[in-house]
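Single-structure report; data block below.
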Amino acid sequence: MLAMNKVRIISATVFTVAATIVISACGDKKTPGLEFARNMYDPIAYNPDQPNKNFANGQTAQLPPEGTMPVGYDPVADIYPNTPEGYLAASENLKNPLPANQQNRLEGRQLYLRMCSHCHGNQGKGDGPIVQQEFFPPPPSYSTGNSSRGGAMKDLTDGKIFHTITYGLNLMGPHRTQLSPSERWKIVMYVHELQKLQ
């Protein structure tokens, strides 16, 4: 009997609360009622196209400071286009800006093994796993092969290697979206090590 009364009391309480919620929701339509996290509806930050009294020109969207570059911007593409002339200009003018230290060489080796060895092979001899399965013709060896653009692979300059990694050549696709400029320069450093191997 006591358990039955507890169930009735709990049921009556739940029903009363639910009825109160329903009735109060049907009240005055002019008021929005209680709002949770109002700033999610009215953001505190300015939209880019809104006027903004915090700046002298009254605009929210400001021009970036002079001399800055967007994140990920690679100026090489603007200066050295993907043309034979751009390739030769890169050969003459581009030099590796990174210091030739052990850490950069080690990182260059790791990047090379991850991004290049599947075609060029671990030692740069053009015998990577993809080539061994006869899917593609082998690329020339860095130490003994000849470049398809002329000259020996062992004589390629910093700029030629960087340009080729950036834009690709023949069956090699471009890697500028997969490797940052500094990562490409580290690979260039390691390719020079492979050029010395016989």
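The values are calculated or read from the model by the stated rules, or taken from the named source; none is laboratory data. In this text, all values refer to a predicted model and were calculated from it rather than measured experimentally. Note that each Cβ is placed from the backbone with ideal geometry, even for glycine, and that neighbours are counted across all protein chains shown.
Miscellaneous remarks
- Residues located in region 94-137, provided they are charged (D, E, K, R) and either part of a helix (DSSP H, G or I) or in contact with a strand residue (DSSP E or B) (Cβ under 9 Å, 6 or more places away or on another chain) (or both): Arg105, Glu107, Arg109, Arg114
- Cβ-Cβ distances below 9 Å connect the following pairs, each with a first residue in region 161-173 that is under 18 Å from Lys186 (Cα atoms), a second residue that is surrounded by fewer than 21 Cβ atoms within 10 Å (Cβ to Cβ) and of a type in the set (Asp, Glu), and a separation of six or more residues or different chains: Thr166/Asp74.
- Residue check, Leu98 surrounded by 13 or more Cβ atoms within 10 Å (Cβ to Cβ), farther than 25 Å from Leu171 by Cα and either of a type in the set (A, V, I, L, M) or in contact with a helix residue (DSSP H, G or I) (Cβ under 8 Å, 6 or more places away or on another chain) (or both): yes
- Scan region 112-126 for residues that are surrounded by fewer than 18 Cβ atoms within 10 Å (Cβ to Cβ), in contact (Cβ under 8 Å) with a residue 12 or more places away in the chain and not polar (S, T, N, Q) and the total you get is 2.
- Within region 61-88, being of a type in the set (A, V, I, L, M) and touching a residue at least 40 places away in the same chain (Cβ under 8 Å) holds for Val76, Ala77.
- Just one of the listed residues (Ser182, Ser148) is surrounded by fewer than 16 Cβ atoms within 10 Å (Cβ to Cβ), of a type outside the set (Lys, Arg), at negative phi and not in a loop (DSSP other than H, G, I, E, B), namely Ser182.
- Taking each residue of region 1-28 that is on the phi > 0 side of the Ramachandran plot and surrounded by 10 or more Cβ atoms within 10 Å (Cβ to Cβ) and looking for partners that are at pLDDT below 75 and among the aromatic types (Phe, Trp, Tyr) with beta-carbon atoms closer than 8 Å, six or more apart or interchain, yields nothing.
- Checking Asp28, Asp42 one by one, the residue that is within 52 Å of the chain's Cα centre (by Cα), acidic (Asp, Glu) and at pLDDT below 85 is Asp42 and no other.
- Qualifying residue in region 91-98 (condition: among the hydrophobic types (A, V, I, L, M, F, W, C) and closer than 18 Å to Ser182 by Cβ): yes
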